[in-house]
Each structure stands twice: as C-alpha cells, then as structure tokens.
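A.B. asks: Below you'll find the structure I mean.
The values are calculated or read from the model by the stated rules, or taken from the named source; none is laboratory data. Note that the structure is predicted; figures quoted are calculated from it, not measured. Cβ placement follows ideal geometry from the backbone for every residue including glycine, while neighbour counts extend to all protein chains displayed. Surface areas here come from the heavy atoms of the whole protein model, side chains and all, with no ligands, DNA or RNA. Shrake-Rupley method; radii C 1.70, N 1.55, O 1.52, S 1.80 Å.
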Amino acid sequence: MRNLTFDFLLLSFLFLPTSFLFAAENQPWGPGNPVPREVIESARALRHHMLADPYRPGYHFVPPEDRCMPGDPNGALFYHGRYHLMYLFHDGKVWGWGHISSKDLVHWRHHPTALGPGEGDDGIFSGGACLDKEGKATLTYWGLAQSPGRGVCLAQSDDKHLDRWTKSPANPVIRSTHWGYTVEKNDNGEQMVYGSADPSNIWIKDGRYYMLTGNLLVLEEYGQKQKKVEHQGDTAYLMVSDDLKTWKYLHPFYQSKREWTHAGEDCMCPSFLPLPSSPDGGPESGKHLLLFISHCQGCQYYIGTYENDRFIPEKHGRMSWVDRTYFAPEALIDDQGRQIMWAWLRDDSACSFEEPRGWSGVYGLPRTLWLGEDGTLRMRPVQELAALREKEQTWGPLTLEADTQKPLENFRSDSFEMEITLHPEEAKQFGLKVCRSDDGKEETLLFVDRADGTLKVDSRNSGQAGYRTIEAAPFVLGDNEPLVLRVFVDKSVVEVYANDRQAIARRIFPTRGKGVALFSNGGKTRIEKLRAWEMMPSNPY
C-alpha cells in the first residue's frame with residue numbers, strides 16, 4: 001500500500017500555483033522568515049518520486065520537474081572551464097529558460113532560472129549564446145509579447161557562475177512587426193521581409209557581430225499562404241551589428257535546394273559554428289556546420305563554405321527521418337576546439353504519459369561532431385560518458401547462423417552501454433534486440449539493413465506510449481568494412497551509433513523488457529567482440 005502522506009505531499013507540490021513556483025527562487029527565506037515546512041516536505045517527496053520513476057532517464061539530461069514541451073536546449077556556452085546549457089520549460093502559464101552547468105558533460109549543477117517573463121517579455125523562446133568582444137557571456141533569445149510579437153532580445157552576465165542575467169535595455173534589438181517576422185523598407189524604399197524569431201548564437205568576424213534568425217513565420221505567411229516561391233523552403237536571415245544594440249538585416253544567409261529539402265520545410269533553432277577536423281577538436285577543418293530544424297521533419301544540417309557574408313551549402317544531412325523525434329539542436333565550441341551538440345528528444349505521443357508523472361522532456365547524449373576525411377559529418381558520444389561505466393562484461397568471438405538469434409545470458413538491464421564489432425558475411429539484417437521480454441513479444445530492434453542501405457530502430461513492439469515505428473537512416477557499409485555499433489539504453493531512451501557515421505535516438509517505454517539478444521537474418525554474421533557496461537546514473541534525481 002502506498003504511503004498516503006507521501007502522495008498528499010507530492011500532489012501538493014505538483015499543484016502549487018505557478019505564481020508560487022516562479023516566485024520561490026526569489027523568496028526571502030532565512031532566519032527571520034523560515035522556509036515553510038510543507039515546502040521542504042514537498043521537495044523531498046518530489047525527489048523520491050522522481051528517483052522511483054521507472055521511465056525517468058538516469059544519465060540523459062532530464063529537466064528537474066514540470067513541463068518541457070517545447071523543451072528546446074538553448075544558450076550552450078563554454079565559460080570559465082564549465083559547460084553551460086539552458087533548457088526551455090513551461091510552468092503552466094509562460095515559457096522560461098532553466099540553466100544547468102557541468103565540468104565533465106556528465107554531472108550537472110542546477111542554477112537559478114536564467115530567463116523568465118518581465119521587462120517587456122511575456123515569455124521566452126529559443127536562442128543561443130556567445131562571448132562578446134570583452135568576454136562577457138551573452139544570450140540571444142526570442143522575446144514573446146502579446147502583440148505584435150516583440151522579437152529578438154539579448155541578456156548578459158559577468159557573474160563567474162552565470163547565476164544572474166541582465167536583459168539589454170535595447171531589447172528587442174530586432175523588433176518584430178508581426179508574430180515572428182519583420183516587414184520594413186530598405187534604404188531604396190523597397191519592402192524587406194525577414195524572420196525575427198529563434199536567433200542563433202552570435203559570432204564575431206572582422207570585428208563585427210553576426211547572428212542568424214529563423215524563417216518559419218515568413219514561410220507560413222509568404223511562402224505557403226501567399227504562394228511566393230522566393231519565400232518557400234528553408235533559409236536563415238543574416239544580421240550584423242557593431243555594438244550588440246543596433247542590428248541591420250543583410251540578406252538571406254543561404255539558398256536551399258529542393259533536391260535536399262522540400263518547399264514546406266523551415267529553418268529554425270539555427271546553430272552556426274566551424275567544424276573541427278577530429279573528434280578531439282584541434283584545428284578547424286575550413287568548413288562550417290549549420291544545424292537547424294524544420295518543424296515538420298526535425299533536426300538536419302548543412303556542411304559548407306562561409307565567405308563574403310554568405311554560406312554555400314555543399315552537403316546536406318538529417319538526424320531525424322520518419323518523424324521529428326530528434327529536434328531543436330544546440331551546440332558549442334569548447335576549450336579543446338570540439339563542437340558538441342545536444343537535441344531535444346521530442347515525442348508528442350508520450351507527453352500525456354509523462355506530464356502526470358511531474359516531468360517531461362529528455363535530451364539526447366552530448367555528441368562531438370567533426371568533418372570526416374571524405375567531407376561528410378562524423379559523430380560520436382563524448383568520451384566523458386565512459387566515467388559512468390560499471391561491471392564490464394564481454395562476449396565473443398562467436399558466429400550467428402542465418403535467421404537465428406542469441407540471447408545474452410546473465411545480462412538484463414534498463415541502463416547500459418554496449419559496443420559490438422561484427423562482420424556481416426551473407427547476412428542481410430544484423431544487430432541487436434534490446435529491452436526484450438523473455439517471450440520476445442516486447443523488444444526494440446537496432447540493426448543495419450543491407451536491403452535498403454539503412455541503420456534502423458524498430459520500436460513497433462517497444463511497450464506502452466511513445467512513437468511505434470521504424471526509424472531508418474541512410475547507412476551503407478563499405479566492402480569488407482566491419483560494423484561497430486555503440487548502443488545506449490537509459491530507461492526510456494535508446495541511442496545507436498554506427499561507425500561514427502550515423503546515429504539514431506528514440507524514446508521507448510518498455511513494460512517488461514530488460515534482456516538483450518543478437519540476431520542475424522538472411523545469412524551468417526561473425527561477432528568479433530562485444531562489451532557491455534551497466535551505467536551509473538548521473539542525474540541528481
């Protein structure tokens with residue numbers, strides 16, 4: 001029987017008025033005004049509730065409580081030896097930015113809320129971060145207002161821990177004339193239309209500040225409603241400033257191609273950074289990476305050349321295919337020169353399942369991104385995650401005959417990392433089944449399919465809630481190339497990486513499955529080596 005006092009305290013916390021929750025950070029509690037006893041007990045009850053939740057991930061970042069829909073990562077910045085990351089959350093009335101930081105990309109400290117309503121903002125939407133010319137931490141964000149939509153705003157902090165942020169008195173530095181976009185005349189009296197939503201990180205070139213804005217609202221009004229071809233498809237708008245206060249619109253940053261994206265796709269949540277030449281950072285490759293989302297198809301990217309204030313895309317790729325689970329990218333460059341990204345693992349179908357539990361929103365693992373020797377994007381989880389490994393087990397070498405599977409005896413876990421090196425011989429499909437019940441009726445398949453040249457995650461029998469589908473990412477093994485799969489399972493998250501060239505992240509909600517099995521269809525597969533580790537949770541709860 002559940003503890004009724006625990007239930008009452010938990011419910012009292014979850015249903016506290018939102019005005020109380022926002023104000024709690026600024027309450028003058030102390031010796032002369034003690035913290036109310038019910039607040040202490042409710043906080044303890046909530047923490048215990050979260051720790052007991054079988055679907056709350058242990059080492060993928062999860063916001064501490066409340067609704068994170070949308071739950072975009074924002075404001076990523078390496079500052080004074082720490083990685084800082086903001087997260088979008090909704091308190092039942094308005095959107096704000098939470099704030100976490102880490103020394104090792106694994107263990108995260110919670111800071112006071114970075115941005116919230118006030119000083120002209122009715123709410124806060126997505127944006128980026130940078131250091132200005134004097135080294136002061138600067139946030140860009142989409143400031144929301146009832147009418148006409150406020151626009152792009154800035155906030156700064158010179159606090160060593162970035163606990164206190166001051167909004168610019170010049171806000172909005174790019175004013176919206178309509179919701180999410182601006183219509184004005186240029187110096188020649190001609191009408192200009194550009195986005196004034198979802199600002200990117202700011203970068204400095206030749207002593208000037210540059211920033212991108214997204215085009216969703218321009219696309220909807222001019223590209224779709226008014227059928228103007230020049231406003232269809234994805235693009236971003238380039239802005240320039242000399243002082244961070246006065247910004248000027250220059251022109252569309254790049255020209256998208258219909259061979260890569262369709263006319264209904266937008267470019268929002270942009271991140272524009274130089275690509276390093278290795279996973280460890282080091283020298284820049286000479287190419288830049290533009291990460292962004294289209295709202296209809298999720299995270300994608302361009303690799304290209306940046307010159308003369310324009311970006312020329314040379315390669316396009318996606319990080320989400322069948323739906324938009326991998327969503328809202330955010331990235332930074334650290335002191336090693338690594339480009340590290342995060343994304344929100346969006347799963348609209350799971351929200352009604354998660355939110356009554358007191359939380360929602362999960363981020364994918366931090367990935368390091370670099371340019372491969374063949375000019376394509378490479379990706380892998382950051383090496384710091386190895387600190388969480390425990391209880392290593394190994395298998396192999398062994399051979400799987402055609403159309404067989406091999407359960408891994410004595411290995412059952414809902415929180416683990418696994419690395420497998422295999423050599424497909426005649427096999428057409430080969431990989432793993434994770435979160436598998438003993439009868440095989442509940443399982444998630446992670447495998448390479450030679451028939452159509454893809455890496456796949458099949459979550460049709462993964463359990464309750466969540467999208468139940470097959471996510472398929474382009475992936476072709478070279479002749480005699482071994483396959484190296486790295487797999488991460490974390491309660492309700494599964495991620496698989498293939499040869500540093502492709503990756504898929506999904507949400508799943510198994511009810512009975514904790515087993516793992518190897519399988520090979522259509523021919524034999526030789527397993528060279530398999531290593532597995534249980535993963536120590538690193539979230540505070």
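A.B. asks: Is it the case that some residue within segment 247-259 is outside any strand (DSSP E or B), modelled with pLDDT of 95 or more, over 30 Å from GLN336 (Cα atoms) and aliphatic (A, V, I, L, M)?
C.D. replies: No, the conditions are met nowhere in segment 247-259.
A.B. asks: Just need a number here: residues in segment 426-472 that are outside any strand (DSSP E or B) and either of a type outside the set (Asp, Glu) or surrounded by 15 or more Cβ atoms within 10 Å (Cβ to Cβ) (or both). Step through it out loud before you land on a result.
C.D. replies: Applying the first criterion (outside any strand (DSSP E or B)) to segment 426-472 yields 426-428, 437-442, 450-453, 462-469.
If we keep only those that are either of a type outside the set (Asp, Glu) or surrounded by 15 or more Cβ atoms within 10 Å (Cβ to Cβ) (or both) too, we end up with 427-428, 437, 440-442, 450-451, 453, 462-469.
Within segment 426-472, residues that are outside any strand (DSSP E or B) and either of a type outside the set (Asp, Glu) or surrounded by 15 or more Cβ atoms within 10 Å (Cβ to Cβ) (or both) number 17.
A.B. asks: Could you please give the count of residues in segment 435-452 that are within 25 Å of the chain's Cα centre (by Cα) and farther than 11 Å from PHE519 by Cβ?
C.D. replies: 3
A.B. asks: Is it true that some residue in segment 180-203 is part of a loop (DSSP other than H, G, I, E, B), closer than 17 Å to PHE253 by Cα and among the β-branched types (Val, Ile, Thr)?
C.D. replies: Within segment 180-203, one or more residues are part of a loop (DSSP other than H, G, I, E, B), closer than 17 Å to PHE253 by Cα and among the β-branched types (Val, Ile, Thr).
A.B. asks: Mind listing whichever residues of segment 140-169 are open to solvent by 40 Å² or more (accessible area, probe 1.4 Å) and touching a residue at least 60 places away in the same chain (Cβ under 8 Å)?
C.D. replies: LYS160, HIS161 - these are the residues of segment 140-169 that are open to solvent by 40 Å² or more (accessible area, probe 1.4 Å) and touching a residue at least 60 places away in the same chain (Cβ under 8 Å).
A.B. asks: For segment 1-61, which fully contained helices (runs of 4 or more DSSP H) count at least 1 residues that are modelled with pLDDT of 90 or more? Can you show your working first?
C.D. replies: Values: elements: 4-14, 18-24, 37-52.
Per the criteria, 37-52.
A.B. asks: Shifting gears a bit: Please identify the pairs in which a residue from segment 400-427 that is farther than 26 Å from PRO54 by Cβ has its Cβ atom under 8 Å from the Cβ atom of a residue that is of a type in the set (Asp, Glu) and part of a loop (DSSP other than H, G, I, E, B), counting only partners at least 6 apart or on another chain.
C.D. replies: Going by the 8 Å Cβ cut-off, the qualifying pairs are ALA402/GLU426.
A.B. asks: What single numbered condition from (1) in contact (Cβ under 8 Å) with a residue 24 or more places away in the chain; (2) more than 21 Å from the chain's Cα centre (by Cα) fails to hold for GLY478?
C.D. replies: (1)
A.B. asks: Hey, could you check segment 488-527 for residues that are under 18 Å from the mean Cα position of the chain (by Cα) and of a type in the set (A, V, I, L, M) and say which is nearest to GLU409 (Cα to Cα)?
C.D. replies: Selected residue: VAL489.
A.B. asks: Take the conditions modelled with pLDDT of 95 or more, surrounded by fewer than 24 Cβ atoms within 10 Å (Cβ to Cβ) and among the hydrophobic types (A, V, I, L, M, F, W, C) and apply them to ALA137. Does it pass? Let's see the steps before the verdict.
C.D. replies: Details: modelled with pLDDT of 95 or more: yes; surrounded by fewer than 24 Cβ atoms within 10 Å (Cβ to Cβ): yes; among the hydrophobic types (A, V, I, L, M, F, W, C): yes.
Yes, satisfied.
A.B. asks: Working only within segment 280-322, note down all residues that are closer than 15 Å to ASP234 by Cβ, among the small types (Gly, Ala, Ser) and touching a Pro at 6+ places or on another chain (Cβ under 9 Å).
C.D. replies: GLY304, GLY317
A.B. asks: Residues of segment 288-307 being in a strand (DSSP E or B), surrounded by 19 or more Cβ atoms within 10 Å (Cβ to Cβ) and not aromatic (Phe, Trp, Tyr), which ones?
C.D. replies: Correct list: HIS288, LEU289, LEU290, LEU291, ILE293, SER294, GLY298, CYS299, GLN300, ILE303, GLY304.
A.B. asks: I'd like the full set of residues that are open to solvent by 30 Å² or more (accessible area, probe 1.4 Å) and in contact (Cβ under 8 Å) with a residue 40 or more places away in the chain, limited to segment 170-180.
C.D. replies: Narrowing segment 170-180 to residues open to solvent by 30 Å² or more (accessible area, probe 1.4 Å): 170, 175, 177-179.
Scanning segment 170-180 gives ALA170, HIS178.
A.B. asks: Another one. Could you tell me whether LEU273 is open to solvent by 10 Å² or more (accessible area, probe 1.4 Å) and under 18 Å from the mean Cα position of the chain (by Cα)?
C.D. replies: Details: open to solvent by 10 Å² or more (accessible area, probe 1.4 Å): yes; under 18 Å from the mean Cα position of the chain (by Cα): yes.
Here the answer is yes, as LEU273 does meet what is asked.
A.B. asks: Something else now. Being of a type in the set (A, V, I, L, M, F, W, C) and under 18 Å from VAL362 (Cα atoms) narrows it down to one of VAL494, VAL484, so name that one.
C.D. replies: Working: VAL484 fails: under 18 Å from VAL362 (Cα atoms).
It is VAL494.
A.B. asks: Here are some conditions: (1) within 30 Å of ARG460 (Cα to Cα); (2) open to solvent by 30 Å² or more (accessible area, probe 1.4 Å); (3) in a strand (DSSP E or B). SER285 meets all but one. Which one does it not meet?
C.D. replies: Exception for SER285: condition (1).
A.B. asks: While we're on this one: Just checking, how many residues over segment 511-541 are farther than 21 Å from GLU401 by Cα and assigned to a strand (DSSP E or B)? Steps first, please.
C.D. replies: Of segment 511-541, the ones farther than 21 Å from GLU401 by Cα are 511-514, 532-541.
Of the ones still in play, those that are also assigned to a strand (DSSP E or B) are 532-535.
Of the residues in that region, 4 qualify.
A.B. asks: Output the number of residues of segment 49-80 satisfying the condition of being more than 28 Å from SER462 (Cβ to Cβ), touching an Asp or Glu at 6+ places or on another chain (Cβ under 8 Å) and open to solvent by 20 Å² or more (accessible area, probe 1.4 Å).
C.D. replies: Going through segment 49-80, the residues more than 28 Å from SER462 (Cβ to Cβ) turn out to be 74-80.
Still in the list and also touching an Asp or Glu at 6+ places or on another chain (Cβ under 8 Å): 74-76, 78.
Still in the running and open to solvent by 20 Å² or more (accessible area, probe 1.4 Å): 78.
Of the residues in that region, 1 qualify.
A.B. asks: Of everything in segment 122-173, what is of a type in the set (D, E, K, R) and either assigned to a strand (DSSP E or B) or touching a helix residue (DSSP H, G or I) at 6+ places or on another chain (Cβ under 7 Å) (or both)? Give them in sequence order.
C.D. replies: Applying the first criterion (of a type in the set (D, E, K, R)) to segment 122-173 yields 122, 132-134, 136, 150, 158-160, 163-164, 167.
Listed by number, the list holds a single entry, LYS167.
A.B. asks: Tell me which of these GLY233 doesn't satisfy, since it passes every other one: (1) part of a loop (DSSP other than H, G, I, E, B); (2) open to solvent by 10 Å² or more (accessible area, probe 1.4 Å); (3) free of Cβ contacts under 8 Å to residues at least 40 places away in the same chain.
C.D. replies: (2)
A.B. asks: Any idea which residue in segment 81-112 is farthest from CYS351 (Cα to Cα), counting only those that are part of a loop (DSSP other than H, G, I, E, B), modelled with pLDDT of 95 or more and open to solvent by 10 Å² or more (accessible area, probe 1.4 Å)? Write out each step before concluding.
C.D. replies: Of segment 81-112, the ones part of a loop (DSSP other than H, G, I, E, B) are 81, 91-94, 103-108, 111-112.
Still in the list and also modelled with pLDDT of 95 or more: 81, 103-108, 111-112.
Narrowing the set further to residues that are open to solvent by 10 Å² or more (accessible area, probe 1.4 Å) leaves 81, 103-104, 107-108, 111-112.
Details: GLY81: 35, LYS103: 31, ASP104: 30, HIS107: 25, TRP108: 24, HIS111: 25, PRO112: 25 Å.
Among residues in segment 81-112 that are part of a loop (DSSP other than H, G, I, E, B), modelled with pLDDT of 95 or more and open to solvent by 10 Å² or more (accessible area, probe 1.4 Å), the one farthest from CYS351 (Cα to Cα) is GLY81.
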